[in-house]
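Below is one structure, written out as structure tokens; comments come after it.
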Amino acid sequence: MTVVSYNLRYLEKHGRDTRDPWSWRQSVFHHDYDLDCATSSWIIIQPPERWNASLDDMDLDKQTHPLSLHLRSLSSASANTWEYLQYLSGETLLLDQRVTFPKPTREYKFDCTLNQDIHVLRKNLFRAKGIIEGMLRIVAALCVHAKEIQDLCDSPKLTHDKFMREMANISRDLLSYQSMTEILVNRSADIRSTTNSILKFRSQEMVTDSGEQLRRIGEVNSRETSSMTSLAKWSYRDSRTTRIATTIGLVYLPANLVLSFFSTSFVEFASQEGSSGERTGPRFLRCSY
């Protein structure tokens, strides 16, 4: 009795109206094979959609190799991988066009949200890379298991060689997927580096512009301060003139007041007249009311 069990992760479209049309899913395969009776028992949890397609039309009794259904599980799980990598390649191209088109840094219409989009892209790329590496490990384990079964039950060499060739084909496809994933990861890293450089230069330009605006504001404030200083000097001169005029007024105002009072009709000077018509004797100050 031999036992083969593994957890297989894969990608399928979910059919919902969202930006990312893909979902990450996984299936469980458990296979018991009785070498003496040449019979198999399977436990499969949530298989891929392609696994169920045309499964009823298959004649399981004609499956020559004990592990032939594992070819179906791997091929059905990896069937959407290339399409998903093409989707990620398109997303990478869109991001690349946003940051690599030559123009001044002020004209780039993006902010830190672009870094978030790049982070999501790289996360999906690393998850896809992990799925592909997991499938490669399953392929390697199945190849080792197939050789052990070949040694134990002495199955036909042609059947074994055919199975190994099909496993090699799946392995080559997965290796090409892995190579494309690494290329996209490196490209996304370049996009992230370019984005950070642009944001850094834009930040430096903003600091320079802010410094220039502050310098202009300082110049305006300096001119306003000079104007206020001139106004303060003129105010000081006016107040000094007013103090001098006030002092002069305080000196001459009493005399002017007396002269003004005696020049009014309220005050009259009278004197006595002699026989010759001349004024003699004391003069009197008479005030009329």
Determine if segment 116-125 includes at least one residue that is modelled with pLDDT under 90, basic (Lys, Arg) and out of contact with any strand residue (DSSP E or B) (no Cβ under 9 Å at 6 or more places or on another chain). no
Only one residue in Thr92, Thr39 is of a type in the set (S, T, N, Q) and modelled with pLDDT under 80. Which one? Thr39
All but one of (1) without any contact (Cβ under 8 Å) to a residue 60 or more places away in the chain; (2) touching a helix residue (DSSP H, G or I) at 6+ places or on another chain (Cβ under 6 Å); (3) not β-branched (Val, Ile, Thr) hold for Ser176; state the number of the condition that does not hold. (2)
Output the residue which, of all residues in segment 191-205 that are modelled with pLDDT of 85 or more and surrounded by 13 or more Cβ atoms within 10 Å (Cβ to Cβ), is farthest from the chain's Cα centre (by Cα). Ile191
Might you check whether a residue that is surrounded by fewer than 17 Cβ atoms within 10 Å (Cβ to Cβ), out of contact with any helix residue (DSSP H, G or I) (no Cβ under 9 Å at 6 or more places or on another chain) and either over 30 Å from Arg192 (Cα atoms) or at pLDDT below 85 (or both) occurs anywhere in segment 61-79? yes
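Filter segment 142-155 for residues that are exposed (fewer than 13 other Cβ atoms within 10 Å of the Cβ) and assigned to a helix (DSSP H, G or I); which is modelled with the highest pLDDT? Give the steps one after another, and end with the answer.
Our first condition is that a residue be exposed (fewer than 13 other Cβ atoms within 10 Å of the Cβ); within segment 142-155, this holds for 144, 147-148, 151-152, 154.
Okay, now just the ones that are also assigned to a helix (DSSP H, G or I), so 144, 147-148, 151-152.
Values: Val144: 89, Lys147: 86, Glu148: 83, Asp151: 76, Leu152: 75.
That would be Val144.
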Quick check, is Val28 hydrophobic (A, V, I, L, M, F, W, C), at pLDDT 75 or above and assigned to a helix (DSSP H, G or I)? no
Identify, by number, the condition in (1) within 19 Å of Val3 (Cα to Cα); (2) surrounded by 14 or more Cβ atoms within 10 Å (Cβ to Cβ); (3) at pLDDT 85 or above that Leu174 doesn't meet. (1)
First in segment 184-196 and on the phi < 0 side of the Ramachandran plot, second anywhere and basic (Lys, Arg), Cβ under 6 Å, 6 or more apart: Ser188/Arg122
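Which of the residues that make up segment 166-196 are of a type in the set (D, E, K, R) and closer than 17 Å to Leu114 by Cα? Full working, then the answer.
Residues of segment 166-196 of a type in the set (D, E, K, R): 166, 172-173, 182, 187, 190, 192.
Listed by number, the residues that qualify are Arg187, Asp190, Arg192.
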I'd like the residue in segment 211-223 that is within 31 Å of the chain's Cα centre (by Cα) and charged (D, E, K, R) and, out of all such residues, is nearest to Leu114 (Cα to Cα). Glu212
Selection status of Thr208, more than 30 Å from the chain's Cα centre (by Cα) and in a helix (DSSP H, G or I): no
Among the candidates Thr181, Thr225, residue that is over 30 Å from Leu67 (Cβ atoms), among the polar types (S, T, N, Q) and part of a helix (DSSP H, G or I): Thr225
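The values are calculated or read from the model by the stated rules, or taken from the named source; none is laboratory data. All figures in this text were calculated on a predicted structure; none of them were measured in a lab. All Cβ positions, glycine included, derive from the backbone under ideal geometry; neighbour counts span all protein chains shown.
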